[in-house]
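The values are calculated or read from the model by the stated rules, or taken from the named source; none is laboratory data. Since the model is a prediction, treat every value here as computed from it, not as a measurement. Note: ideal-geometry Cβ built from the backbone for every residue, glycine included; neighbour counts use all protein chains shown. Heads up: the accessible areas ignore ligands, DNA and RNA and are worked out on the full protein's heavy atoms, side chains in. Shrake-Rupley method; radii C 1.70, N 1.55, O 1.52, S 1.80 Å.
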Amino acid sequence: MMNRRHWLQLTAGTAAAAALPNSQAQAPWPEKPVRIIVAFATGGASDTLTRMLAEKLQAALGQSFIIENRTGAGGNIAMAAVAGAPPDGYTAVSATIGTLSINQFLYSKLGYDPEKDFAYVSTFWETSNVFVVSNDHPARTLAEFRQWGLAQAKGVTFSSSGVGTTPHLAGELFGARTGVKVVHVPFRGSATVEVMSGAIDFAIDNIASYTPLLRANKVRALAVTSPERWPVFPELPTMAQAGVPDFAITSWGALVMPAGRPAAITARLSQAMQEIAAQPAMKERFLTAGARITACTPQEAGGLRRAKG
């Protein structure tokens, strides 16, 4: 039988729990697998780096992190799907500079609001783009490619993983900076096969997407778009060093969740990502794949979207 003192203790405890912030009153997380939506095709930079992160998150948090690729519309389809997902902490999206900062200026309708519809967890990668052509292309330097391109009356083709992505903007910028007539050919992912075969004349794509082909000597790289030479391929000149000044383009990616999720979830996930990013083996693994691993707090991630966008 419950006496008055026990009843008062129970009531006080219940009231105290109700008064706690929502983040503290939630059940332990994660209690089931977490789904991470990738907005681009398998094998591209975003997909490859997200899978590497998911593997470490599973080890750190004790639950599976399942990757689902949902491509199309420059990443907008995946972003809209996650924006409308339940804010329970079990759905996230691997977002990029394109989906969070650039697309809002290129599409009349996104299907999501990058500012209001997401809870920012952390950034987790940044990378350069690389100018690549097929091994059979006559140009062996960027200057030679420019001269070749100027001689093509119908213009030259370049690929990207969608309108608004940095490969798309980089290709257009190359045309504007050099006077070469460029024709954009968008794909759902990096067009590595088409570039390798020569069906597409060039790409200025994320270096992580082309690192395996570069290491296997299956494509020819002419320059990188980072302000300084990329540490893994120090023999490659920057665009400025190759003769095209004022051409620095970098890409970055971040993990975000639907807005309205308990703040404790994003805090815990961000902390795990920061611990993973501090591991020397993961730093080396990301560099080998063609990117730098990064991490930050949820507040910093939201600020970087505006600052870097």
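Among the candidates ALA248, ALA281, ALA277, the residue that is of a type in the set (A, V, I, L, M), at pLDDT below 95 and farther than 18 Å from VAL93 by Cα is uniquely ALA248. I'm trying to understand the selection: among the residues of segment 86-102, which are farther than 17 Å from GLN63 by Cβ, surrounded by fewer than 24 Cβ atoms within 10 Å (Cβ to Cβ) and among the polar types (S, T, N, Q)? Within segment 86-102, just SER101 meets the criteria. The residues in segment 204-238 that are within 21 Å of ARG285 (Cα to Cα) and outside any loop (DSSP other than H, G, I, E, B) can be counted, and the count is 12. In the set GLU300, GLU284, only one residue is of a type outside the set (Lys, Arg), open to solvent by 30 Å² or more (accessible area, probe 1.4 Å) and over 30 Å from LEU214 (Cα atoms); that residue is GLU300. The condition of being free of Cβ contacts under 8 Å to residues at least 60 places away in the same chain and closer than 28 Å to ILE249 by Cα does not hold for ILE66.
Within segment 214-263, the set of residues being open to solvent by less than 30 Å² (accessible area, probe 1.4 Å), among the aliphatic types (A, V, I, L, M) and out of contact with any Phe, Trp or Tyr (no Cβ under 9 Å at 6 or more places or on another chain) comprises ILE249 only.
Taking segment 215-232 as the search range and keeping residues that are of a type in the set (A, V, I, L, M) and modelled with pLDDT of 95 or more, which one is farthest from PHE131 (Cα to Cα)?
ALA216
Does ALA307 satisfy the criteria of being at pLDDT below 95 and either open to solvent by 10 Å² or more (accessible area, probe 1.4 Å) or touching a Lys or Arg at 6+ places or on another chain (Cβ under 9 Å) (or both)? Criteria met by ALA307. Looking across segment 170-195, the residues that are under 23 Å from the mean Cα position of the chain (by Cα) and either part of a helix (DSSP H, G or I) or at pLDDT 95 or above (or both) come down to ALA170, GLY171, GLU172, LEU173, PHE174, HIS184, VAL185, THR192, VAL193, GLU194, VAL195. Here GLY149 fulfils each of the conditions (1) assigned to a helix (DSSP H, G or I); (2) open to solvent by 10 Å² or more (accessible area, probe 1.4 Å) apart from (2). PRO167 falls short on exactly one of the conditions (1) out of contact with any Lys or Arg (no Cβ under 7 Å at 6 or more places or on another chain); (2) in contact (Cβ under 8 Å) with a residue 40 or more places away in the chain; (3) buried (at least 17 other Cβ atoms within 10 Å of the Cβ); (4) in a helix (DSSP H, G or I), and that condition is (2). Can you pull out every residue in segment 103-124 that is part of a helix (DSSP H, G or I) and either open to solvent by less than 20 Å² (accessible area, probe 1.4 Å) or of a type outside the set (S, T, N, Q) (or both)? Passing the criteria: ASN103, PHE105. In segment 170-179, the qualifying residues are those that are open to solvent by 40 Å² or more (accessible area, probe 1.4 Å) and in contact (Cβ under 8 Å) with a residue 60 or more places away in the chain, and the one that is nearest to ARG146 (Cα to Cα) is ARG177. Considering segment 239-309, the qualifying helices (runs of 4 or more DSSP H), each wholly inside and each with 3 or more residues that are touching a residue at least 12 places away in the same chain (Cβ under 8 Å) and farther than 21 Å from ALA59 by Cα, run over 298-308.
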